[in-house]
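The values are calculated or read from the model by the stated rules, or taken from the named source; none is laboratory data. Keep in mind it's a predicted model, so treat the numbers as computed, not measured. So basically every Cβ, Gly included, is an ideal-geometry build from the backbone, and we count neighbours across all protein chains shown.
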Amino acid sequence: MHIHVTYTGGTIGMVDSPRGLVPGADPQGRFDTVLKEAEQRVGSISLTALSPLIDSSDATPESWQRIIDDLRAGASDADAFVVLHGTDTMAHTCAALSYALTGLDRPVVVTGSQLPLGVVGSDAAPNIAGALHAAASRRAQGVSLFFGHRLLAGNRAVKASSWAFDAFDSPAVAPLARAGAPWRWAPAPPRGAGWPDPRPYTRQDVVVIDLAPGITAARLEAMLTPRPDAVILRAFGVGNIPDGEPGLTDVLAGAIGTGTTVVVTSQCHHGEVRLGRYASGDALARAGAVGGADMTPEAAYAKAVFLLSQGLRGAELAAWMGRSIAGELDDRPGGA
Ligand code: ASP
């Protein structure tokens, strides 16, 4: 078994500086001991460090593409992949990789840590060991995220804690596996329709809008000017908006009418959008918004960027937002 590791940056490899934590020099040396030790259990391991190494709060669709290119370049030799990544936007990256890599028949496991490798009490070494174990298991599929003893579906994950060692959750679906002696695996989840030969990610005009009580039509209009290609609306509960606020729904209907795709997700940790359940959500459906089912806002954002990068717009884009590409939502009839 040969595992290729792509190191992208993040706390896991950071060192102290007068400005706070920054990616450290000599990545090969930094991970050498932990990877050498793991080689005895999983086989051979190679490592590439992307340049520049970044704090994942600086990640962009171009950074997602750099990771994809590195994985594809290693695909002729590797049986499985591990990506070392910062936690702040790990969920976005996992979702982005999942859409672009449905054609890769080998698992990709993404991990990071809350404390840098080498710091006393750090979660970095156990997370790397767990990610390598999952990658080598011959049970992991697609893109998953290992953190704090659990393997989660990458495009279902959310960062739930800025400090805890079990920093990630996948609120809509059960963990894929729990580390232990032995590991406990759940049945493999549905995989989605796939996307053969995707075009590279490029930056797109997608805006995420979080509703709050008291938002006015004028403020929403300003947020949507000039018109973006897509909006990920983080609405209340099952996908409700303040429909009683004069002009608010009209602003969204106007944006949809001029070609903006509006995707409704929920602010709830356990969110399942059902636009017809209340009049305030029904208004959104009548305006032409798409319900994001049980998709996380992170997965919805990365998906809109993916589909726009493929050249989709309008009705075609809206239809794919509601259809599972890589298991990111439950699109079965009677599902979420
Ligand atoms: N800011 C860091 C990053 O996302 C946080 C982390 O890695 O935990 O790169």
query: Which members of the stretch 269-311 meet the condition of being farther than 16 Å from ARG234 by Cα and basic (Lys, Arg)?
result: ARG277, ARG286
message: Go through (1) in contact with a helix residue (DSSP H, G or I) (Cβ under 8 Å, 6 or more places away or on another chain); (2) away from the ligand (no atom under 16 Å from the Cβ) for LEU84 and report which single condition fails.
response: (2)
message: One residue is enough: does the stretch 163-171 have a residue meeting the conditions surrounded by fewer than 22 Cβ atoms within 10 Å (Cβ to Cβ), polar (S, T, N, Q) and at pLDDT 95 or above?
response: no
Matching residues in the stretch 4-27 - criterion: being over 15 Å from ALA73 (Cβ atoms), away from the ligand (no atom under 12 Å from the Cβ) and aliphatic (A, V, I, L, M): VAL15, ALA25
message: On the basis of being buried (at least 21 other Cβ atoms within 10 Å of the Cβ) and modelled with pLDDT under 95, does LEU284 make the cut?
response: yes
query: Would you pick out the residues in the stretch 243-264 that are buried (at least 19 other Cβ atoms within 10 Å of the Cβ), in contact with a Ser or Thr (Cβ under 9 Å, 6 or more places away or on another chain) and in a loop (DSSP other than H, G, I, E, B)?
result: none
message: I'm trying to understand the selection: among the residues of the stretch 6-35, which are buried (at least 20 other Cβ atoms within 10 Å of the Cβ) and touching a residue at least 60 places away in the same chain (Cβ under 8 Å)?
response: THR6, TYR7, THR8, GLY9, GLY10, THR11, ILE12, GLY13, MET14, ARG30, PHE31, LEU35
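If you scan the stretch 28-46, which residues turn out to be in contact with a helix residue (DSSP H, G or I) (Cβ under 6 Å, 6 or more places away or on another chain) and either away from the ligand (no atom under 16 Å from the Cβ) or of a type in the set (Ser, Thr, Tyr) (or both)? Can you show your working first?
Step one: of the stretch 28-46, the residues in contact with a helix residue (DSSP H, G or I) (Cβ under 6 Å, 6 or more places away or on another chain) are 30, 34, 38, 42, 45.
VAL34, ALA38, VAL42, ILE45 - these are the residues of the stretch 28-46 that are in contact with a helix residue (DSSP H, G or I) (Cβ under 6 Å, 6 or more places away or on another chain) and either away from the ligand (no atom under 16 Å from the Cβ) or of a type in the set (Ser, Thr, Tyr) (or both).
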- request: Take the stretch 41-55 and flag every residue that is surrounded by 12 or more Cβ atoms within 10 Å (Cβ to Cβ) and either of a type in the set (Ser, Thr, Tyr) or more than 24 Å from LEU132 (Cβ to Cβ) (or both).
  value: SER44, SER46, THR48
- request: Could you pull out the residue among ASP77, ASP70, ASP58 that is farther than 17 Å from ALA131 by Cα, of a type outside the set (A, V, I, L, M) and within 16 Å of the ligand (Cβ to nearest atom)?
  value: ASP58
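Of everything in the stretch 148-162, what is surrounded by 24 or more Cβ atoms within 10 Å (Cβ to Cβ), in contact (Cβ under 8 Å) with a residue 40 or more places away in the chain and assigned to a strand (DSSP E or B)? Give them in sequence order. Give the steps one after another, and end with the answer.
Taking the stretch 148-162 and keeping what is surrounded by 24 or more Cβ atoms within 10 Å (Cβ to Cβ), we get 151-157.
When the remaining residues are screened for being in contact (Cβ under 8 Å) with a residue 40 or more places away in the chain, the result is 151, 153-157.
Selection gives LEU151, ALA153.
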statement: Of the conditions (1) under 25 Å from ALA95 (Cβ atoms); (2) surrounded by 18 or more Cβ atoms within 10 Å (Cβ to Cβ); (3) not basic (Lys, Arg), the single one that ALA38 does not satisfy is (1)
query: Among the residues of the stretch 93-118 satisfying the criterion of being within 11 Å of the ligand (Cβ to nearest atom) and crowded, with 24+ Cβ neighbours inside 10 Å, which is farthest from LEU151 (Cα to Cα)?
result: THR93
